[in-house]
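All remarks here apply to the structure that follows.
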Amino acid sequence: MTDVTIIGLGQMGLKLGELMLAAGKSVTLWNRSADKAPGLVAGGAQLASSPAAAIAASPVTLICVYDYAAADEILNAPGVPAALDGHLMINLGTGSPEDARNAEAHVTQHGGRYLDGAIQAAPSQMGQDDTPILISGPSAVFAEALPLLAILAGHPSHLGERIDAAAFMDLATLSYVYGAFGGFLHGARIAESVDISVATFGGIVEQISPSFGAFFKHEAAVIESGDFAITESPLRISIPAVERILRTSKTLGINTELPALVHSWLGKAGQAGLADQELAALIKILRAG
Ligand SMILES: NC(=O)c1ccc[n+]([C@@H]2O[C@H](COP(=O)([O-])OP(=O)(O)OC[C@H]3O[C@@H](n4cnc5c(N)ncnc54)[C@H](OP(=O)(O)O)[C@@H]3O)[C@@H](O)[C@H]2O)c1
């Protein structure tokens, strides 16, 4: 027996293996293409001949393959359903909430325990005290897995018993990232269209990002509290601010879709009488559909 099995030796799986070996864990590996394993085998890991043999070799398996369709193929490979009995399976690949529910149903139906995870970091950022890893599933199973997960991330976030919570949170944070990236690109278009350095703009974005992160955290607490009394930023100051962005973008002749969208939301908020509430009250417009 080994301490942990790792299935999937892509960029991320290889890193998981490296970290486990560096932490002194005994490791079993399986990958569809066996040629990815030599480095880890030279470091002491054992290569299993099949996914079923790999799962049987350790009490805990980390699976990190391209997507849940690939994971599903592995979880249905010959001998795997029987091998799951009594074992803990942690899926650290990226998938949808439905993927997480299906994977949990499959593993528990065959007598295994299951946690679903989402890694929100690049391989080189793994193993740090602040590496973001989201985990969902039963609390007792999370407690059992924590010593191994803590090797990958100092403080993995347990989002609760609901198995699809990590996948939903991954979507929520990616939604933030792509929304912010859209705003970043619009800002870059403003800068380049008037020959202001886009690189300088990028540096300023980096400088202001930590304080805006703190601001968004505050606005999240406002939304959760349901109390939209002004505490930081009145919605009314954002109405002319976005009007200025939209008007200037039109004058510059650049794409206006993004500021037009936010301008439309703020316009509805003004009409709904939300101007004298905290900016987070804009969520009431999105709640209306
Ligand atoms: N890399 C990142 O920055 C990063 C960050 C956060 C999350 N993730 C997530 O981590 C997971 C793995 O990412 P990665 O970067 O390691 O990807 P990758 O380098 O493309 O590796 C993909 C892995 O999946 C395996 N695979 C693909 N299709 C398969 C199938 N049908 N049957 C069996 N194995 C299959 C590959 O096996 P072969 O070697 O045989 O092709 C390989 O081990 C993904 O869900 C990704 O979204 C990655």
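At-a-glance table
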| quantity | calculated |
| --- | --- |
| Student exercise, the chain dipole from Lys, Arg, Asp, Glu Cβ charges, in Debye to nearest 20 | 460 debye |
| FRET efficiency, residue 178 to residue 11 (Cβ-Cβ, R0 30 Å, nearest 0.05) | 0.90 |
| Distance (nanometres) between label positions extended 7 Å along Cα→Cβ at residue 200 and residue 255 | 2.5 nm |
| Segment 197-287 - charge dipole about Cα centre, Lys and Arg +1 at Cβ, Asp and Glu -1, debye rounded to 20 | 360 debye |
| Cross-link partners of residue 217 among lysines (Cα-Cα below 19 Å; sequence separation of 8 or more within a chain) | 284 |
| Highest to lowest packing among 45-56, 270-281, scored as the average C-beta count within 10 Å | 45-56, 270-281 |
| Contact order normalised by residue count of the chain, Cα under 8 Å, 6+ apart, percent | 11 percent |
| Probe 1.4 Å, all protein chains present, accessible-area order of 231, 28, largest first | 231, 28 |
| Extension gain (nm, one decimal) between residue 98 and residue 244, 0.36 nm per residue minus Cα-Cα | 48.4 nm |
| Cα-based reach from residue 25 at 18 Å (exclusive), listing aspartates and glutamates while leaving out same-chain residues under 8 positions away | 3, 144 |
| Fluctuation leader among 72, 116, 195 - the chain, Gaussian network, Cα springs under 10 angstrom | 195 |
| Heavy-atom accessible surface of segment 34-166: percent carbon and sulfur, 1.4 Å | 54 percent |
| Amide proton proximity set for residue 63, modelled H, under 5 Å, gap of 5+ | 7, 90, 91, 92 |
| Which of 32, 287 is most accessible, then next, and so on - probe 1.4 Å | 32, 287 |
| Helix runs (DSSP H) in the chain reaching 30 Å along axis by Cα, Kyte-Doolittle at least 0.5 | 165-193, 198-225 |
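The values are calculated or read from the model by the stated rules, or taken from the named source; none is laboratory data. What you see is a predicted model; the values in this text were computed from it and never measured. Ideal geometry is used to build each Cβ from the backbone, glycine not excepted, and the neighbour counts take in all protein chains shown. Note: areas computed on protein heavy atoms with side chains; ligands, DNA, RNA excluded. Shrake-Rupley method; radii C 1.70, N 1.55, O 1.52, S 1.80 Å.
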